[in-house]
Amino acid sequence: MLDDDALNNYRTAGSIAAKIRGEAKKIVKEGTPLIKICETLEKKIISDGGKPAFPLNISVNDVAAHYTSPPDDTTRIPSKALVKVDIGVHVNGFIADTASTVSVGKVGLELIKASELALENALKFIKHGVKSSQIGEIIEKTIKEFGFKPISNLTGHLLDQYNLHAGKSIPNVKTIIGFTLKEGEVYAMEPFSTTGAGIVEDSKYSYIFRLASQKTSDQFLSYITHQFRTLPFASRWLSPKFSKKRVQEFIKKYVLTGTIQAYPVLVERERGVVSQAEHTFIVKKNGCEVTSA
Ligand code: MN
Ligand code: MN
């Protein structure tokens, strides 16, 4: 069960994240450099009293998730695009994880509705004792009614202090096995709808990383431990402290040894367009409290 401090921190993180989501809608426009959006919103998280729980994810069209600007990114928002902005805020390690999709050039409006309604329908169903498989079923059914597919290999996840994926996953499709949600647990739920196959795959690019093992240490790893603990970070975030060349060398070396985990940019298998909606909620006896509303 959550103590008062944890609860307050979750709520503060949630309200900051909700505000940033609103800001994102204003600045995602044709021609805006992605790196400007990342840096602006990450700075705003800090000036609002939180810290980024992970790099701002800004994933365009068939990119489903895990894109953040690399250093010197020159990519801009295209004239027609579905732009998923996924925001992580933590306060003393208590995380809010929320996302919404912005349509640029009026494309994909039905796809956005599908993911939003799936999230809404599933949230209405949450209370102590519900089964994860039933949540997946609601999400799948809602998205399929629009004629789209849910992405089956992306999931929601249990949250814990300084832990973004604390072991349990909320599916976006009906599953055979599962678990029961319990009062006091905190989860992120994130339906994805697509015009494609409903499966994402790794691209060859990674711009987000995480410390996965603390068996060795050096100046680089102790900086990461001190700054981010085991939360995800962007290669971009290390540039003021280390040269870009050194960052690349360190990351290459430590990904190979398993000390650092890379999160490859995820793309839809059939290059279908993807929409995402996400909220963080606390499970209550007779419902849930959405912290990022
Ligand atoms: Mn997210
Ligand atoms: Mn999430």
Give, as a single signed number, the net charge of other residues whose beta carbon lies under 13 Å from the beta carbon of residue 9, with Lys and Arg counted +1 and Asp and Glu -1.
-2
Here segment 34-50 yields Karplus 3J(HN,Hα) values (6.51, -1.76, 1.60; θ = phi - 60°; whole Hz; Gly and Pro given as x) of 4, 5, 5, 5, 4, 5, 4, 6, 5, 5, 5, 4, 5, 5, 8, x, x
Sorted by mean Cβ packing within 10 Å, highest first, what order do the peptides 202-214, 136-148 take?
136-148, 202-214
Around residue 227, under 15 Å between beta carbons, what's the net of Lys plus Arg minus Asp minus Glu among the other residues?
+3
Please give the FRET efficiency for residue 79 paired with residue 239, using the beta carbon to beta carbon distance and R0 = 41 Å, rounded to the nearest 0.05.
0.85
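Once the piece of chain linking residue 40 and residue 144 is laid out straight, how much longer is it, given 0.36 nm per residue of separation minus the C-alpha distance between them?
33.9 nm
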Let me have the 222 nm mean residue ellipticity of the chain computed from DSSP H runs of 4+ only, each contributing -39500 (n - 2.57), with the sum over all residues rounded to the nearest 500.
-10500 deg cm²/dmol
Given an 8 Å cut-off on Cα distances and at least 6 residues of separation, report the relative contact order of the chain as a percent.
24 percent
Label-point separation in nm, residue 5 to residue 124, each point 7 Å along Cα→Cβ:
3.9 nm
I need the Kirkwood Rh of segment 207-265: take the reciprocal of the average 1/r across all distinct C-alpha pairs and report it in angstrom.
11.2 Å
Highest average packing first - 218-229, 184-195, Cβ atoms within 10 Å
184-195, 218-229
Of 19/131; 51/144; 51/84, which pairs sit farther than 27 Å apart, going by alpha carbon to alpha carbon?
19/131; 51/144
Can you tell me the length gained on complete extension of the stretch residue 72 to residue 285, counting 0.36 nm per residue apart and subtracting the Cα distance?
71.9 nm
Please report, as a whole percent, how much of the solvent-accessible surface of the chain comes from carbon and sulfur atoms (probe radius 1.4 Å).
51 percent
For segment 207-265: relative contact order, % (alpha-carbon pairs under 8 angstrom, 6 or more apart):
56 percent
In this model, which of 25/106; 113/174; 182/215 are farther than 22 Å apart at the alpha-carbon?
182/215
What is segment 178-293's relative contact order, in percent, from Cα pairs under 8 angstrom and six or more apart in sequence?
48 percent
I want the local charge near residue 109. Using Cβ-Cβ distances under 13 Å, sum +1 for each Lys or Arg and -1 for each Asp or Glu among the other residues.
+1
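If we sort 53-60, 249-256 on the protection proxy, mean other Cβ atoms within 10 Å, highest first, what's the order?
Descending mean neighbour count gives 53-60, 249-256.
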What residues qualify as long-range amide H neighbours of residue 99, i.e. H under 5 Å apart, gap of 5 or more or another chain, H built at 1.01 Å from N?
87, 278, 279
From the P(r) of the chain, can you give the percent of Cα pairs sitting at distances over 30 Å?
28 percent
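The values are calculated or read from the model by the stated rules, or taken from the named source; none is laboratory data. Here the structure is a predicted model, which means the values were calculated and not measured. Glycine also receives a Cβ, built like all others from the backbone with ideal geometry; neighbour counts cover every protein chain displayed. To get the accessible areas, we keep the full protein, side chains included, count just its heavy atoms, and leave off ligands, DNA and RNA. Shrake-Rupley method; radii C 1.70, N 1.55, O 1.52, S 1.80 Å.
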